[in-house]
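Chemist: Have a look at the structure that comes next, please.
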Amino acid sequence: MGSGVLALHEIKNWNLEAIESIAPYLISRPNAQASQSAGRRPVRIEHRTLTRALVACEHSEMPPPLTYASYLDLEKLLTLQKPRSSPPEHDETLFIIIHQTYELWFKQLLHEFEKIKRDFSAGDLFGAIHAFKRVRTIMKVLVAQVDILETMTPSSFSSFRDRLETASGFQSVQFREIEFSLGYKRASTVNYLKSDFPGYDRLNQLLHERSVVDHFYDFLETREAQIPAELKNRDVTQPNGPDERVQKEILRLYKDSPECSILFELMTDFDEGLQEWRYRHIKLVERTIGAKKGTGGSPGVPFLKESLFRSIFHDLWAIRHEM
């Protein structure tokens with residue numbers, strides 16, 4: 001193009017928009033002289049070459065423009081709700097949509113936890129505050145979704161429950177990933193899954209990674225907190241627990257660094273929201289199936305109650321009486 005001449009092979013891969021954009025500066029166009037006077041160098045190109053290029057572009061397979069539906073892949077998304085009952089029971093669609101939505105929010109929570117880990121280790125207070133505002137709000141949405149599910153009566157659930165066969169919410173790998181990310185780890189949970197089960201590798205990886213709480217220790221150190229060496233070098237496959245030495249440092253920061261107290265309270269809010277969701281979930285199961293075992297033989301209500309009031313940020317709760 002340095003000589004001002006374009007051959008067909010140089011433009012055959014151009015799209016229609018690109019070719020039309022240079023059209024005002026072509027020497028064969030009436031306004032070429034004006035283009036020259038404006039300081040733009042005209043491009044010499046034969047009219048028939050340009051015409052052939054334009055025709056080729058018009059008939060080529062150009063990708064369709066991005067739309068709301070294609071960006072969100074709605075055609076695929078809206079076909080994923082497939083009731084198993086025949087004829088379809090009315091409430092089965094609600095049941096499917098609610099649980100698919102839960103899994104999408106679980107995915108977002110896991111995405112946010114990875115950011116929180118980075119923020120904590122970098123000492124980014126305001127980044128962590130922003131992220132915890134978001135995950136706290138997501139927990140409120142998860143709790144609110146229980147209200148929708150509770151519009152389904154026990155008899156309407158029973159009408160399609162047998163169709164779930166061995167499927168059970170107990171098998172939600174993403175929720176176990178959330179627990180592991182937050183520091184509530186149990187190797188037995190990984191052992192419960194077969195190695196070829198979808199999500200097994202992710203869960204096993206999280207078992208061996210530092211949790212949000214471990215990264216929280218990093219944050220405290222950026223604020224001159226003294227974190228015991230055994231905590232920093234602990235076996236990360238074990239669950240996090242309370243530590244009085246950490247609690248002392250948090251209390252100091254509550255008093256000396258008010259900006260940190262904003263973060264600590266948001267973390268406590270999120271923890272409370274998680275416990276609230278567990279409670280609402282248990283009561284939902286209890287009012288729907290009572291003392292029956294869950295689908296697929298899962299343990300049901302007694303198992304769910306074991307983790308009901310299990311906190312994540314133990315040290316933030318342990319100091320309440322000293323504030």
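The values are calculated or read from the model by the stated rules, or taken from the named source; none is laboratory data. Everything numeric here is computed off the predicted structure, so don't read it as measured data. Backbone-built Cβ (ideal geometry, glycine too); neighbour counts: all protein chains shown. These area figures cover heavy atoms from the full protein model, side chains too; ligands, DNA and RNA do not enter into them. Shrake-Rupley method; radii C 1.70, N 1.55, O 1.52, S 1.80 Å.
Chemist: When Lys and Arg each count +1 and Asp and Glu each count -1, what net charge do the other residues less than 14 Å away from Pro258, Cβ to Cβ, add up to? Mind showing how you got there, number by number?
Modeler: Working: positive: Arg223, Arg252, Lys255; negative: Asp256, Glu259, Glu265.
Combined, the nearby Lys, Arg, Asp and Glu give 0.
Chemist: Evaluate the charge dipole of the range 151-293 about its Cα centre and quote only its size in Debye, nearest 20, assuming +1 on the Cβ of each Lys and Arg and -1 on the Cβ of each Asp and Glu. Walk me through the intermediate numbers first.
Modeler: Values: 21 positive and 24 negative charges, 165 e Å.
Computed charge dipole of the range 151-293: roughly 800 debye.
Chemist: Taking all protein chains in place and a 1.4 Å probe, what share, in percent, of the accessible surface of the range 150-266 do carbon and sulfur account for? Please report the intermediate quantities before stating the final value.
Modeler: Numbers: 2950 of 6010 Å².
Reported share for carbon and sulfur atoms: 49 percent.
Chemist: At 1.4 Å probe size, put Leu66, Leu231 in order of accessible surface, largest to smallest. All intermediate terms of the calculation are to be shown ahead of the outcome.
Modeler: Working: Leu66 130, Leu231 25 Å².
If we order Leu66, Leu231 from most to least accessible, we get Leu66, Leu231.
Chemist: To continue, here is another question. Note the count of lysine pairs whose C-alpha atoms are less than 28 angstrom apart in the range 109-267, limited to pairs 8 or more residues apart or on different chains.
Modeler: The number of close lysine pairs in the range 109-267 is 22.
Chemist: Got a sec to turn the phi values of the range 181-195 into Karplus ³J(HN,Hα) couplings, 6.51 cos²θ - 1.76 cosθ + 1.60 with θ = phi - 60°, whole Hz, x for Gly and Pro?
Modeler: 3J(HN,Hα) across the range 181-195, in whole Hz: 4, 8, x, 8, 10, 9, 4, 4, 5, 5, 5, 5, 8, 7, 4.
Chemist: Under a 1.4 Å probe, what is the accessible area of the range 146-223 per residue, stated in Å²?
Modeler: On the way: 3750 Å² over 78 residues.
It amounts to 48 Å² per residue over the range 146-223.
Chemist: Let me know the charge dipole size of the range 147-230 about its Cα centre in debye, to the nearest 20, where only the beta-carbon of Lys, Arg (+1) and Asp, Glu (-1) is charged.
Modeler: Values: 9 positive and 14 negative charges, 65 e Å.
The dipole magnitude comes to about 320 debye.
Chemist: Order 266-279, 247-260 from most to least packed using the mean count of other Cβ atoms within 10 Å.
Modeler: Working: 266-279: 18.9, 247-260: 15.4.
Sorting 266-279, 247-260 by mean packing, highest first, produces 266-279, 247-260.
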